[in-house]
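The values are calculated or read from the model by the stated rules, or taken from the named source; none is laboratory data. These numbers come from a predicted model, not from an experiment. Methodologically, a virtual Cβ is constructed for each residue, glycine included, from the backbone with ideal geometry; neighbour enumeration extends over all protein chains shown. Accessible surface areas use protein heavy atoms only, side chains included; no ligands, DNA or RNA. Shrake-Rupley method; radii C 1.70, N 1.55, O 1.52, S 1.80 Å.
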Amino acid sequence: MLPSYFKRLATLLAVLALAGCGTTSSKTAGTTAEVVITVNPKLSVIQGPASAAVEARKQPIAILVLHHTASSLPSALDSLQGRSKGHMVGVHYLVSDEQPKARIFRMCPDSLAAYHAGKSAWGKFESLNQSSLGIEIVNYDGNVHPYPKPQVEAVLALAQHLVTTHRIPPENVVAHSDIAVGRKIDPGSLFPWEYFAANGVGAWPDAKDVQVFRILLKSKKLANADIQQLLRTYGYRLDDNSDKTLGLALESFQRHFRGAKVDGLADDETVAILQALVKKYRSGPAKAASPARSGKV
Ligand SMILES: [Zn+2]
């Protein structure tokens, strides 16, 4: 049986952090009792150690940012508690790479802002720590190492809960690399974004639109200025109009939406995916353009 104070603590946490929709239990790992909040049959969250680098939230939550840790679980837990040298970081959730079941640690409540995004921008949003939630996923490099299935399912269940609870739109579920062009490469090209979108988390283009845009591009290529405009319309921040910055933004874009080849080049497939995404997510009802008449998207 749980000591009653643990029960009260766990219940309070469930109410505060997870909309009161969970049940609680505890188990012992070594000598440390874990407070486990069961949010739904697919999602259990462990009350982790308190994250360093958090502050009061002054903006509503509008964005979910996914990261890889570039470190092991113990090292990530140390860094997030401010025990590592270097700059201070914080995050809301940390998902382990353990098998057969990944653990999700809640490091700070959603109601606080955590320092996980750094210098960043997405659409009209700047410095996203204030407007976002962050999930750190244990992986040394998601461009090299595939994410194990139990970890993918744990992140998905958590993300499904967060996008529903906070009404985060698909196009605002982003990679750290999306919001920090030229600076970050996580969670990497091997992150299963398409699978997530198929399960209600994040954006993905309609295959048919991509096909039609590819056919159109065969007869008429877009100028760099048009591609820059499309990237900006979708959300990417390009600080200037140089070819170098365009290449870096395309790399970020490909890492998310065309992970099989990340080379920063505006090949037809890359541009068609970008056009299809802008059509699906960034064309308001009044401007909804079909691929057939989309010289300007
Ligand atoms: Zn990151």
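Quick look at the values:
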| quantity | calculated |
| --- | --- |
| Stokes-Einstein translational diffusion, the stretch 207-293 - Kirkwood Rh over all Cα pairs, 1.567 mPa s, 4 °C, in µm²/s | 99 µm²/s |
| Residues of the stretch 207-293: accessible area per residue with a 1.4 Å probe, Å² | 52 Å² |
| For the stretch 142-297, the spread of Cα positions along each principal axis, largest first, Å | 45, 34, 26 |
| Rounded if a/c under 1.5, otherwise prolate or oblate - the stretch 48-198, Cα gyration tensor axes | rounded |
| Other-chain or far-sequence residues with amide H under 5 Å of A175's (modelled H) | L66 |
| Dimensionless Rg over Rh [the stretch 123-194; C-alpha; Kirkwood] | 0.95 |
| Lysine pair number, Cα distance threshold 29 Å (strictly under), the stretch 48-198, separation 8 or more or different chains | 11 |
| Whole-percent carbon and sulfur share, accessible surface of the stretch 146-213, 1.4 Å | 54 percent |
| Estimated inter-spin distance, M88 and R282, nm [label 7 Å along Cα→Cβ] | 3.5 nm |
| FRET efficiency for S242 and A197, using Cβ-Cβ distance with R0 set to 35 Å, rounded to 0.05 | 0.65 |
| Size of charge dipole - the stretch 48-198 - debye, nearest 20, with Cβ of Lys, Arg +1 and Asp, Glu -1, no other charges | 340 debye |
| Surrounding net charge for E171, when Lys and Arg each add one and Asp and Glu each subtract one, Cβ distance under 11 Å | +1 |
| Residue-span extension gain [R232 to A33] - 0.36 nm each, minus C-alpha spacing | 66.9 nm |
| The stretch 32-85: relative contact order as a whole-number percent, Cα under 8 Å and 6+ apart | 31 percent |
| Solvent-accessible heavy-atom area per residue, rounded to whole Å², over the stretch 48-198 at 1.4 Å | 40 Å² |
| Two-site FRET efficiency, K220 against A260, from Cβ-Cβ distance with R₀ of 35 Å, rounded to 0.05 | 0.90 |
| Gyration tensor verdict on the stretch 34-86 (Cα atoms; rounded if a/c is under 1.5, prolate if a/b is larger than b/c, oblate otherwise) | oblate |
| Computed lengthening from D206 to N40, 0.36 nm per intervening residue step minus Cα-Cα distance | 56.7 nm |
